[in-house]
Amino acid sequence: ARVSMWRAVGIGGLFVGLTSGLFYANCIAVDKYRTHALASIRADAPTVRTDDQFDVAVIGGGIVGLATARELQRRRPSDRIVVLEKEHAVAAHQSSHSSGVIHAGIYYNEGSHRARLCVRGAHMMYDYCAAHNIPTKRCGKLIVATEARELPQLLSLYQRALANGVPDVQFVEGAENIRALEPHVTGHAAIYSPFTGIVDYGEVARSFAREFEAAGGVVRCGHRVMRVHSIREEGTG
């Protein structure tokens, strides 16, 4: 299979590539003028030949790659965008095998991008899941000081959570009050974050893929990217 693209998209400045699959991309060339990807087919796969052109390629069909492709397709609907994933389905690895926590934004330094984006992202995740009928559970989280010497650090973390705008965060004092929230936990004090929750991020990723494809994007599973190099278009100097 041959896939040619105008640009290839890296996540966080890096190209995200996974491993194995029936189709192997032997070469992806990245250039501001044009990009080419050449894929060879394993001997045990059926013989298929295609020649598609794309404007953007996103390498890796996990939740980050799919979210990136989905947003690019929304912002640039006239572009032809492809996601290349080496497995036979999207979200086959970390995206569907994590603890699934929707973090509330407690730990990040006040005023940092991480703090701001974590709090905002949690709101957006709950809203997205509600709009797309993806179950979430706001089970909450306790961060416990089990020893008295840990209290100053816990209080500092609580002040950080307040500064970051974490919704409904509470400082709980005394073992009895902690046990009222979680009978199997004891300690001197705790931070209680009822906004913290869990979700199946694999299902979120699959929802992103469906939206991306409905908007005109293409997901190519079973495509492994092997190399990336630049090829200048003829006539560009």
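Give the residue that is farthest from M125 (Cα to Cα), with candidates limited to residues of segment 60-79 that are open to solvent by less than 10 Å² (accessible area, probe 1.4 Å) and among the aliphatic types (A, V, I, L, M). Before the answer, list the steps.
Our first condition is that a residue be open to solvent by less than 10 Å² (accessible area, probe 1.4 Å); within segment 60-79, this holds for 60-61, 65-66, 69, 73.
Then keep just the ones that are among the aliphatic types (A, V, I, L, M); that gives 66, 69.
On the way: L66: 15, A69: 17 Å.
Among those residues, the one meeting the criterion is A69.
If you go through segment 80-124 and pick out every residue that is open to solvent by 10 Å² or more (accessible area, probe 1.4 Å), more than 16 Å from R220 (Cβ to Cβ) and part of a loop (DSSP other than H, G, I, E, B), you end up with 10. For Y128, the stated conditions do not hold, so it cannot be described as touching a helix residue (DSSP H, G or I) at 6+ places or on another chain (Cβ under 8 Å), under 27 Å from G165 (Cα atoms) and in a loop (DSSP other than H, G, I, E, B). Which of the residues belonging to segment 140-189 are surrounded by fewer than 19 Cβ atoms within 10 Å (Cβ to Cβ), assigned to a helix (DSSP H, G or I) and among the polar types (S, T, N, Q)? Listed by number, the residues that qualify are Q153, S156, Q159, N177. Checked against (1) open to solvent by 40 Å² or more (accessible area, probe 1.4 Å); (2) under 30 Å from L84 (Cβ atoms), S207 meets all criteria but (1). When H188 is tested against (1) touching a residue at least 60 places away in the same chain (Cβ under 8 Å); (2) in contact with a helix residue (DSSP H, G or I) (Cβ under 6 Å, 6 or more places away or on another chain); (3) of a type outside the set (G, A, S); (4) farther than 25 Å from D55 by Cα, only condition (1) is not met. When residues in segment 125-139 are screened for being open to solvent by less than 80 Å² (accessible area, probe 1.4 Å) and either polar (S, T, N, Q) or without any contact (Cβ under 8 Å) to a residue 12 or more places away in the chain (or both), 3 of them pass.
The values are calculated or read from the model by the stated rules, or taken from the named source; none is laboratory data. This one's a predicted model, so the numbers in the text were calculated from it and none came from an experiment. With ideal geometry, Cβ positions are generated from the backbone for all residues, glycine too; neighbour counts draw on all protein chains shown. Areas reflect the complete protein model, heavy atoms only, side chains present, ligands, DNA and RNA absent. Shrake-Rupley method; radii C 1.70, N 1.55, O 1.52, S 1.80 Å.
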